[in-house]
1. Once you have the Cα-Cα distance between Ala60 and Asn45, take 0.36 nm times their residue separation minus that, and quote the gain in nm to one decimal.
2. Please turn the phi angles of the stretch 27-39 into ³J(HN,Hα) values with the Karplus equation 6.51 cos²θ - 1.76 cosθ + 1.60 (θ = phi - 60°), one per residue in order, whole Hz, x for glycine and proline.
3. Counting Lys and Arg as +1 and Asp and Glu as -1, each charge on the Cβ, what is the dipole of the chain about the Cα centre in debye, to the nearest 20?
4. Do the sum for the chain: with -39,500 (n - 2.57) for every DSSP H run of n ≥ 4, divided by all residues, what is the mean residue ellipticity at 222 nm, to the nearest 500 deg cm²/dmol?
5. How large is ³J(HN,Hα) for each residue in the stretch 89-96, as worked out from phi by the Karplus curve 6.51 cos²θ - 1.76 cosθ + 1.60 (θ = phi - 60°), to whole Hz, x for Gly and Pro?
6. For the chain, report the translational diffusion coefficient in µm²/s to the nearest whole number, using Stokes-Einstein at 4 °C, 1.567 mPa s, and a Kirkwood Rh over Cα pairs.
7. What is the distance in Å between the Cα centres of the stretch 69-119 and the stretch 32-50?
8. Explain nothing, just compute: Karplus ³J(HN,Hα) = 6.51 cos²θ - 1.76 cosθ + 1.60, θ = phi - 60°, for every residue of the stretch 66-74 in order, whole Hz, x for Gly and Pro.
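The values are calculated or read from the model by the stated rules, or taken from the named source; none is laboratory data. Treat the numbers as computed from the prediction; the structure is a model and nothing was measured. Positions of Cβ are backbone-derived with ideal geometry, glycine not excepted, and every protein chain shown enters the neighbour counts. Remember, those area values only see protein heavy atoms, side chains included, never the ligands or the DNA or RNA. Shrake-Rupley method; radii C 1.70, N 1.55, O 1.52, S 1.80 Å.
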Amino acid sequence: MLQPKVLVVDDEENILSAFRDFLKKEHCEMVAASSAEEAMGVLENHRMNLLITDIRLKGASGVTFFMEAKRIHPKLPVIVITGYPDLITEEAIKEYGADFFFLKPLDLEKLRYAIRRCL
């Protein structure tokens, strides 16, 4: 059986590494990207089952990035994460089309629930 493919976009290598370990335990295949530009390349060339993105990315807004990703792939579920709760509200993120919004440090049980709901 094929594992769901999850694109995780974050410019912090330790966050990507933690997601890699977590998603492996959830029986998901993870594709990592450290920038919005790299992530768009992935989305243009590969089918993903879920997008998890940080709000703050090198060279671009995570919100702008995920809105563009949703425009290209309207049914792609999106989980947004941030360590900066003052940048945007959960209500605004959901209005822009995200399915879930989490603050860092992540509550792994809530994240697990969100991933399972999205997939």
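1. Length gained, Ala60 through Asn45: 3.4 nm.
2. 6, 10, 8, 9, 10, 9, 9, 9, 8, 5, 4, 4, 5
3. For this selection, approximately 500 debye.
4. -12500 deg cm²/dmol
5. Residue by residue, the stretch 89-96 yields 8, 4, 4, 5, 4, 5, 4, 7 Hz.
6. 92 µm²/s
7. So the two Cα centres are separated by 16 Å.
8. Ordered by residue, 3J(HN,Hα) equals 6, 5, 5, 4, 5, 5, 6, 10, x Hz.
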